[in-house]
1. Whole number in Å², please: accessible area per residue of the chain, 1.4 Å probe, ligands, DNA and RNA not counted.
2. Roughly what % of DSSP beta bridges within the chain run antiparallel, to the nearest 5?
3. Mean-square fluctuation check for the chain, GNM, Cα pairs under 10 Å: which of D163, D99, D181 is largest?
4. Mind jotting down the three principal axis lengths of segment 7-106 based on Cα atoms? Whole angstrom, largest first.
5. Provide Rg over Rh for segment 91-140; use the alpha carbon set for both Rg and the Kirkwood Rh (inverse mean inverse pair distance).
6. Work out the length of the dipole vector of the chain about its Cα centre, built from +1 on the beta-carbon of each Lys and Arg and -1 on the beta-carbon of each Asp and Glu, and round it to the nearest 20 debye.
7. Under a plain spin-label model, where a point goes 7 Å from the Cα along Cα-to-Cβ, how far apart in nm are E84 and E40?
8. Are there trypsin sites (Lys or Arg not before Pro) in segment 71-124 that DSSP marks as loop and that have at most 12 other Cβ atoms within 10 Å, and which are they?
Amino acid sequence: MDYWTGIYGERRGGILPKLRLGILVSGGGSNLQSIIDKAEAGYFPAEVVVVISSKQDVYALERAKKHNIPTAVVLPKNYKTREEYEDELIKILNSYNVDLVILAGYIRVLSPHFVRAFQGKIMNIHPSLIPAFCGEGFYGEKVHKAVLDYGVKLTGVTVHFVDEGADTGPIILQRAVPVKDDDTVETLAARVLEEEHRIYPEAIKLFAEGRLETNGRRVKIISKEDSQ
Ligand code: GRF
């Protein structure tokens, strides 16, 4: 697979205009909430400009509305092909001049058509330490069940750029989370989610400050001093 080389967004030094985030969701949106809260607190030079859901009536949409963030529901079943569905997403994201697309509990795998439209500008979060317990079929509680069934002592969270595969793009940040002897899927998922709410805003901050330099699969974090 071909990877790109470079610094995302070419955003370094000076006073940065706010990075415009478009967030894709399909569910409860607790990661969306952590990003909205960090944006409002000025944690990073970025703002959520639109939230798009692949499902109707999900709580993520309520969260966006409470913060006066525009929302859209784009249902895949209303489109003849995946490309037509994704063209609608691309149209909406471009109409809001989105700089970075954030997948936050978005359950569909995006096709190469979409990935090429936002090459190097799509992030995903996955609730395990990639490349373990990831890829096709590993989503939601299935990930944590597989972790418990396997008996690993450490799991974690990965934030990565999205490429044309499922959970295969260059890794930006990872954080380990211990698995406890008495964990259930629910207790483990809750502990992992807490870490998700910390690490996703950190990755967005690094991107927004122009501090992510990618070379093939490897993403280097440029120190704050070197980025000035
Ligand atoms: C999170 O565990 C995320 O890693 C996964 O889906 C879950 C979404 O949670 N991709 P939420 O909708 O952000 O609460």
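1. Heavy-atom SASA per residue in the chain reads 49 Å².
2. 50 percent
3. Comparing D163, D99, D181 in the GNM, the peak value goes to D181.
4. Sorted from largest, the Cα extents of segment 7-106 read 46, 27, 19 Å.
5. 1.00
6. Here the size comes out at about 340 debye.
7. With each label placed 7 Å out from Cα toward Cβ, I get 3.9 nm.
8. K80
The values are calculated or read from the model by the stated rules, or taken from the named source; none is laboratory data. All figures in this text were calculated on a predicted structure; none of them were measured in a lab. So basically every Cβ, Gly included, is an ideal-geometry build from the backbone, and we count neighbours across all protein chains shown. Ligands, DNA and RNA are excluded from the accessible area calculation, which covers all protein heavy atoms including side chains. Shrake-Rupley method; radii C 1.70, N 1.55, O 1.52, S 1.80 Å.
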